[in-house]
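**Student:** Have a look at this one.
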Amino acid sequence: MSSEEDFSLVVEPLMSEDTLEGVVGLINKYKKDYERLQAEQKELVASRDESRDRTEEFRLRCETLSKSQSTDEDSQRQRLANEKGKLDVLKQEETVLREEIQKVQDAVREQEAQNAGLREKADVFSSMPQKKFVFRGATQDADDWQTLEMKPHVIYPMEGGTALITFEEEDVATKILDMKTHKVDLGGECSISVEARPVHLMLPSLVEIDSDVCHRRILVSDLPAMDTDTLLNKLEIHFSKSKHGGGEVDSCEFLADSGTAAIAFVGDGIAKRLAEVEYHEVKLQKKKHRVRVTAFLNGQITNLKTKMTTCPRTVLLTGIPNVMEEETMQDLLEINFQKNANGGGEIEAFLYNPLGQQASAVFGGASDRTEE
């Protein structure tokens with residue numbers, strides 16, 4: 001404390017317990033202390049009750065908050081579970097969409113590849129060797145314009161001691177087959193008996209062909225008329241030289257039915273390069289000749305259906321013995337089946353195969369009627 005501060009000292013008078021005044025003073029003092037303690041006790045009780053009330057209030061508020069928090073947590077867990085379920089569904093949808101996108105992309109790539117192949121084929125067809133066509137007056141239904149016309153070309157193996165006769169009229173062949181057994185006069189008192197049988201051939205009823213561009217072959221057209229071997233040698237020499245855009249030649253073949261030549265190369269890319277140029281000057285017959293080079297198409301049969309067909313104008317004769325020369329026997333047989341008295345008629349074709357020999361007959365077809 002500062003020395004300047006004033007403070008007083010109250011000194012209660014000393015009271016002796018031995019005196020009455022002292023005892024009274026002590027009693028009064030203890031009363032005051034008691035009253036003071038009671039007042040403090042009341043304050044403490046009030047404070048305690050207030051604390052209890054606040055504690056109960058806080059407890060109730062805590063319970064309410066706990067319940068609310070528990071409810072919020074349950075709600076939050078439910079929301080999280082719902083969102084997780086939605087997320088799983090979205091992931092599944094995403095997976096499905098990715099698979100569909102992949103399928104679409106694969107389909108697009110496949111379609112693009114097919115379109116590229118079709119474009120390549122279209123380019124080939126648009127640059128095919130030119131042919132001159134003349135209208136002959138024949139017409140056809142419009143519905144049949146997509147039909148691929150094919151002429152039969154069947155090799156028919158013949159047994160020894162048989163003959164094939166093709167009549168001009170179907171009725172004659174039918175009568176010969178109905179009679180079945182025929183007696184053929186060989187001159188004098190000599191004769192033989194032969195049996196007439198129908199000829200059955202297996203012909204295609206449906207043919208589907210898939211074509212693709214050959215990347216190692218070219219088709220050379222607009223060729224002049226000259227010796228085939230010389231022509232092929234000249235073409236091979238020309239297109240084997242790199243300065244002409246060619247390369248090593250694997251094979252060179254002349255296609256007589258179209259009057260073109262097919263040249264195959266060992267390496268890739270040569271055929272395409274030559275076809276892109278299209279027209280080439282080739283030294284033929286001691287002078288340069290302008291030929292046309294186009295792409296070569298390979299064909300592959302993808303579907304083939306066949307059916308058994310009976311030749312309407314052809315009859316097979318069997319059981320012919322080898323009793324005279326081949327030419328004489330053929331003449332006698334042909335004469336016999338030309339006679340109306342024997343049920344025969346005009347013969348278009350005749351082929352005789354004696355015993356002990358092998359022969360094959362070629363059956364073809366025409367557009368107007370079947371022809372053997």
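This table checks each residue for (1) among the polar types (S, T, N, Q); (2) touching a strand residue (DSSP E or B) at 6+ places or on another chain (Cβ under 6 Å).
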site	(1), (2)
LYS287	no, no
VAL291	no, yes
THR294	yes, yes
ASN298	yes, yes
THR306	yes, yes
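**Student:** Taking the condition closer than 30 Å to ALA173 by Cβ and surrounded by 12 or more Cβ atoms within 10 Å (Cβ to Cβ), does LEU201 pass? Spell out how you get there, then give the answer.
**Tutor:** Numbers: closer than 30 Å to ALA173 by Cβ: yes; surrounded by 12 or more Cβ atoms within 10 Å (Cβ to Cβ): yes.
When the stated conditions are applied, LEU201 passes them.
**Student:** Taking the residues in the range 327-348 that are exposed (fewer than 15 other Cβ atoms within 10 Å of the Cβ) and not in a helix (DSSP H, G or I) as candidates, determine which candidate is farthest from the chain's Cα centre (by Cα).
**Tutor:** LYS339
**Student:** Hey, among GLU208, GLU195, GLU253, GLU281, which residue is under 30 Å from VAL315 (Cβ atoms), part of a strand (DSSP E or B) and either among the acidic types (Asp, Glu) or not assigned by TED's automatic domain parsing to the domain that holds PRO354 (or both)? If you could, list the steps in order and put the result at the bottom.
**Tutor:** Details: GLU208 fails: under 30 Å from VAL315 (Cβ atoms); GLU253 fails: under 30 Å from VAL315 (Cβ atoms); GLU281 fails: under 30 Å from VAL315 (Cβ atoms).
Answer to the selection: GLU195.
**Student:** Ok, one more. Quick one: MET324 ticks every box in (1) assigned to a loop (DSSP other than H, G, I, E, B); (2) free of Cβ contacts under 8 Å to residues at least 12 places away in the same chain except a single one, so which number is it?
**Tutor:** Tallying (1) assigned to a loop (DSSP other than H, G, I, E, B); (2) free of Cβ contacts under 8 Å to residues at least 12 places away in the same chain, MET324 fails exactly one: (2).
**Student:** Identify, please: which residue in the range 204-255 is β-branched (Val, Ile, Thr) and modelled with pLDDT under 90 and is, among those, farthest from VAL277 (Cα to Cα)?
**Tutor:** Within the range 204-255, the match that is farthest from VAL277 (Cα to Cα) is VAL207.
**Student:** Would it be correct to say that LYS286 is exposed (fewer than 12 other Cβ atoms within 10 Å of the Cβ) and touching a residue at least 40 places away in the same chain (Cβ under 8 Å)? Step through it out loud before you land on a result.
**Tutor:** Working: exposed (fewer than 12 other Cβ atoms within 10 Å of the Cβ): yes; touching a residue at least 40 places away in the same chain (Cβ under 8 Å): no.
When the stated conditions are applied, LYS286 does not pass them.
**Student:** Which residue is modelled with the lowest pLDDT, if the candidates are limited to the range 256-290 and must be over 11 Å from ARG217 (Cβ atoms) and of a type in the set (Val, Ile, Thr)?
**Tutor:** Of the residues in the range 256-290, the ones over 11 Å from ARG217 (Cβ atoms) are 256-260, 266-269, 273, 276-290.
If we keep only those that are of a type in the set (Val, Ile, Thr) as well, we get 260, 266, 277, 282.
Details: THR260: 92, VAL266: 93, VAL277: 89, VAL282: 92.
Only one residue tops the list, namely VAL277.
**Student:** OK, next. Quick one: in the range 211-240, of everything that is assigned to a loop (DSSP other than H, G, I, E, B), touching a residue at least 60 places away in the same chain (Cβ under 8 Å) and at negative phi, which residue is surrounded by the most Cβ atoms within 10 Å (Cβ to Cβ)?
**Tutor:** LEU223
**Student:** Okay, moving on. Consider only pairs whose beta carbons are under 8 Å apart and that are at least six residues apart or on different chains; among these, list those whose first residue lies in the range 174-194 and is farther than 14 Å from MET324 by Cβ and whose second residue is basic (Lys, Arg) and assigned to a strand (DSSP E or B).
**Tutor:** Going by the 8 Å Cβ cut-off, the qualifying pairs are LEU177/ARG197; SER193/LYS183.
**Student:** I would also like to ask the following. When you scan the range 349-363, how many residues do you find that are part of a strand (DSSP E or B) and under 16 Å from ILE155 (Cβ atoms)? Walk me through it before giving the result.
**Tutor:** In the first step, residues of the range 349-363 are kept if they are part of a strand (DSSP E or B); the result is 349-353, 359-363.
Among the residues that remain, those that are also under 16 Å from ILE155 (Cβ atoms) are: 349, 351, 353, 359-363.
Count: 8.
The values are calculated or read from the model by the stated rules, or taken from the named source; none is laboratory data. The shown structure was predicted, so the numbers you read here are calculated from the model rather than taken from an experiment. We place every Cβ from the backbone using ideal geometry, glycine too, and count neighbours over all the protein chains shown.
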